[in-house]
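Chemist: Sharing a structure below in structure tokens format, with a few things to ask.
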Amino acid sequence: MLRTSVLTQADAKAPAEDRMSFLDNRVLRLGANLSLGGAITYLSASNSRTNLVNSHDWGRQIQMSHYSGPVPFAPHGKQPNKTWAGLGWNPIQCGDCYGNRSKILAHRNDGRELYVKCRPMQWPLDNEPGECTFECWIRLQANTAQVRCRLLNQRSDKTQYAGRGQELPAVYTCGPWHHLMTYTNDLPFTGGALAEIPDRFPWSGISASAPPDRLGFGNLGAGRLQVHRRVLWQSRRGWPQGRSNGLYRAFAGGDY
């Protein structure tokens, strides 16, 4: 989701200030953007204001994004943006490529757990809410954000489409965190040395020999962000200078 012509449309509708909901456990500070479906748009150490999350456009952030057929997806004859027609059915948490935001249906934050529920928008279409809801439960434990997500599908189209890769979640980091790291030996979570996965255009990913549940982006000088998920991941190259720009795309086949 990188085309400038589309991003300009979305940016033009952005309000002066987004509504944020924060958790802070004195180790991590995490912010969910209630103006963007509750997507995570802020993550830093508690004693820092260096935000790791990339929000250059609404197709980034740390957010839910799902895919299914048909391709193209043209409900009631409404045609998708030509740039994104190949995505098919694609509700995302923030909003669509035209700048229409997802609607928050519920939110609560008691300081320990942050919950959001939204009606996502179909990314390729102009103001087309998804026939589904997204929910996220977020807790902080030490230096870890534990995020549980749920998609409740309510599609009127009952066709069983083929399984596709899903973004579970999409995670975009800012430019300095472009080194894609993993642990490749047989003693995980014991403090062993990490290995860097080299960039390959347009996607970088892990091989079958690399543990799929622990990958991270870092700048090798000021910390890193790790994602723990038991599926295969890919990373897309981008700014700066063609290096990985922080997208994790989880390829877990599923029917939606």
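The values are calculated or read from the model by the stated rules, or taken from the named source; none is laboratory data. No experiment lies behind these values; they were computed from the predicted model shown. In this analysis, Cβ positions are derived from the backbone assuming ideal geometry, glycine residues included, and neighbour counts consider all displayed protein chains.
Chemist: Being surrounded by 14 or more Cβ atoms within 10 Å (Cβ to Cβ) and either of a type in the set (A, V, I, L, M, F, W, C) or touching a helix residue (DSSP H, G or I) at 6+ places or on another chain (Cβ under 7 Å) (or both) is the filter here; which residues of region 138-172 pass it?
Modeler: Within region 138-172, Ile138, Leu140, Ala145, Val147, Cys149, Leu151, Leu168, Ala170, Val171 qualify.
Chemist: Quick one: how many residues across region 108-137 are assigned to a strand (DSSP E or B) and touching a residue at least 12 places away in the same chain (Cβ under 8 Å)?
Modeler: As a first pass, look at region 108-137 and keep what is assigned to a strand (DSSP E or B): 108-109, 113-119, 121-122, 129, 132-137.
Those left that are additionally touching a residue at least 12 places away in the same chain (Cβ under 8 Å): 109, 113-119, 121-122, 129, 132-137.
Of the residues in that region, 17 qualify.
Chemist: State which residue pairs qualify: first residue at positive phi and part of a loop (DSSP other than H, G, I, E, B) and inside region 53-70, second residue among the small types (Gly, Ala, Ser) and at pLDDT 95 or above in any location, beta carbons under 6 Å apart, and separation of 6 or more residues or different chains.
Modeler: That search, which allows pairs on different chains as well, returns Gln61/Ala39.
Chemist: Can I ask one more? Is there a residue in region 116-127 that is modelled with pLDDT of 95 or more, loosely packed, with under 15 Cβ neighbours inside 10 Å, assigned by TED's automatic domain parsing to the domain that holds His66 and closer than 13 Å to Pro75 by Cβ?
Modeler: Yes, region 116-127 contains a residue that is modelled with pLDDT of 95 or more, loosely packed, with under 15 Cβ neighbours inside 10 Å, assigned by TED's automatic domain parsing to the domain that holds His66 and closer than 13 Å to Pro75 by Cβ.
Chemist: Among the residues of region 24-44, is there at least one that is surrounded by fewer than 17 Cβ atoms within 10 Å (Cβ to Cβ), at pLDDT below 90 and not in a strand (DSSP E or B)?
Modeler: No - not one qualifying residue is present in region 24-44.
Chemist: Next question. Have a look at Leu105, Leu140, Leu151 and point out the one that is outside any loop (DSSP other than H, G, I, E, B), in contact with a His (Cβ under 8 Å, 6 or more places away or on another chain), of a type in the set (A, V, I, L, M, F, W, C) and under 22 Å from Asn33 (Cα atoms).
Modeler: Residue meeting the stated conditions: Leu151.
Chemist: Restricting to region 166-186, give me the number of residues that are of a type in the set (Val, Ile, Thr) and under 11 Å from Ile197 (Cβ atoms).
Modeler: 2
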